[in-house]
Amino acid sequence: MSSPLISVRVQAMRFEAQGVVSVELRLPEGGELPAFEAGAHIDLHLGNGLVRSYSLSNSPTERHRYVVGVLNDRGSRGGSRYVHEQLRVGASLTISAPRNNFPLEEAAPLSVLIAGGIGITPISCMYHHLRAQGREAVLHYCARSRKEAAFTAELLGQPGVSSHFDDEAGAPPDLRAFLVAHPKDAHFYCCGPTPMLNAFENLCEELGLPNVHIERFAAEKVEAVQTGSYVAELARSKSSVTVPAGKSLLDALLDAGIAVDHSCREGVCGACETKVLQGELEHRDGVLSKAERASGKTMMVCVSGCKGQRLVLDL
């Protein structure tokens, strides 16, 4: 069963950079919203029927509001375009409570933050939170151009913040040079476009960095439905569900009357994450890291499936 939604009002919208607006959300009657941690996101249930996840960029100490940054994506399938072209101040929305697939390890000796483009939304929240807590943090902000980079006024010039703009540098950022400049026991975080995240993960693996965290805004471009059938055994309820070819595990579970929290159905929000006890997984989500996928301990049932004939879930 999905978690209850929260009714909010669009309190303000602000131009942050070319193609980027921030949206401030508050309760219509005022008061405190559910608490959140740096790195968390919320789902916006938009007026065109779509559900989209956006990272919170404001401070976790601000319980009276949520602020998200939204890029008008050139490849938009309707979500960001709706926000930019139709959403207006004063509009009512329903949202999910915050979830965090990108948590900070606040006890780390050093947090190394890398943002690409709109990936700055959770990263800026992390940077400000760590600094407010007196923790060591450095931030490398990358974008194609300065005019497309949001929140530069509040970030550039701050302690430990560096930037790279492709059009000014004439080349992409040198992630390797930035990574090797910091101790291996630091915690490394990256949020941005898929090519950057893939390069970051590959470099961290090559350099033997043990503490690596990523946040993806999109799932991988792979076939999202099962080509063969399999059986999902449910350990706690002592039952089983057959998942036929062409059907998602989530839909098979829901059709069988199994309550599963879910939201985006695209493998990016993390609401449907489910523990796996046995089985060879076919991951298609945009949430889990390479290490988390390799562990085989969890999956996003809305898009991911099984490579074999049998899966055992902690349901």
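Remarks
- Couplings for region 43-60, taken from phi via the Karplus curve 6.51 cos²θ - 1.76 cosθ + 1.60 with θ = phi - 60°, read 9, 9, 8, 8, x, 8, x, 8, 10, 10, 9, 9, 6, 7, 9, 8, 6, x Hz in order; Gly and Pro are left as x.
- The angle between the Cα long axis of helix 194-207 and the longest principal axis of the Cα atoms of the chain comes to about 90 degrees, rounded to the nearest 10.
- Arg135 sits with roughly 90 Å² accessible to a 1.4 Å probe, with DNA, RNA and ligands left out of the calculation.
- Region 32-103 and region 152-198 have Cα centres lying 24 Å from one another.
- Think of the chain as a dipole: +1 on every Lys or Arg Cβ, -1 on every Asp or Glu Cβ, centred on the Cα centre; then among Val241, Val303, Gly117, Val241 lies furthest on the positive end.
- Eligible lysines near Lys238 by straight Cα distance, threshold 26 Å, same-chain separation 8 or greater: Lys247, Lys275, Lys297, Lys307
- According to the Kirkwood relation over distinct C-alpha pairs, the hydrodynamic radius of region 1-137 is 15.5 Å.
- Here the peptides 144-155, 49-60 are ranked by packing, the mean other Cβ count within 10 Å, and the order with the highest first is 49-60, 144-155.
- Under 16 Å from the Cα of Lys184 - aspartates and glutamates, other chains or at least 8 residues apart: Glu105, Glu136, Glu201, Glu205, Glu206
- Relative intensity, log₁₀ I(q)/I(0), of the chain from a Debye sum that treats every alpha carbon as a point, q = 0.08, 0.09, 0.10 Å⁻¹: -0.38, -0.48, -0.59
- Plainly put, region 84-203 has a radius of gyration that is 1.00 times its Kirkwood radius, both from alpha-carbon atoms, as the Rg/Rh ratio.
- Structure-based [θ]222 nm, the chain - -39500 (n - 2.57) summed over DSSP H runs of at least 4, per residue, nearest 500: -5000 deg cm²/dmol
- Degrees, to the nearest 10: 120-132 long Cα axis against longest axis of the chain: 70 degrees
- Estimated dipole of region 264-315 in Debye, rounded to 20 [Cβ of Lys and Arg +1, of Asp and Glu -1, Cα centre]: 100 debye
- Proximal aspartates and glutamates relative to Lys147, as straight alpha-carbon distance under 18 Å, when same-chain residues fewer than 8 apart are discounted: Glu16, Asp73, Asp166, Asp167, Glu168
- Pair-distance distribution P(r) for region 259-315, from all Cα-Cα distances in 5 Å bins starting at 0: 4, 22, 33, 26, 13, 1 percent.
- Tail weight of P(r) past 16 Å, computed on alpha-carbon pairs of region 1-40, percent: 55 percent
- Along its principal axes, region 144-202 has C-alpha extents of 33, 26, 18 angstrom, given from the largest down.
- Solvent-accessible area of Val180 with every protein chain in place, 1.4 Å probe, in Å² to the nearest 10: 90 Å²
- Sequence-distant contacts, meaning Cα pairs under 8 Å at least 6 residues apart, place the relative contact order of the chain at 15 percent.
- Translational D in µm²/s for region 91-159 (Stokes-Einstein at 37 °C, 0.692 mPa s, Kirkwood Rh from C-alpha pairs): 244 µm²/s
- Site pair Glu32 and Ser229 shows an inter-label distance of 5.2 nm when each label is modelled 7 Å from Cα along Cα→Cβ.
- Selected from Ala291, Ala186, Leu203, residue furthest toward positive end of dipole (region 170-315; charges at beta carbon): Ala291
- Against the criterion of solvent-accessible heavy-atom surface with a 1.4 angstrom probe, Glu168, Glu62 sort, most first, into Glu168, Glu62.
- Its Cα centre serving as origin, the chain has a Cβ charge dipole (Lys and Arg +1, Asp and Glu -1) of approximately 480 debye.
- Alpha-carbon gyration tensor eigenvalues x 5, square-rooted, for region 175-289, Å: 34, 15, 12
- Using a probe of 1.4 Å on the protein chains alone, the accessible area found for Asp167 is around 100 Å².
- Mean Cα-pair separation over length for region 171-290, i.e. relative contact order, pairs under 8 Å, 6 or more apart, %: 22 percent
The values are calculated or read from the model by the stated rules, or taken from the named source; none is laboratory data. A quick note: this is a predicted structure, and the numbers were derived from the prediction, not measured. Ideal geometry is used to build each Cβ from the backbone, glycine not excepted, and the neighbour counts take in all protein chains shown. The accessibility values were calculated without ligands, DNA or RNA, using every heavy atom of the protein model including side chains. Shrake-Rupley method; radii C 1.70, N 1.55, O 1.52, S 1.80 Å.
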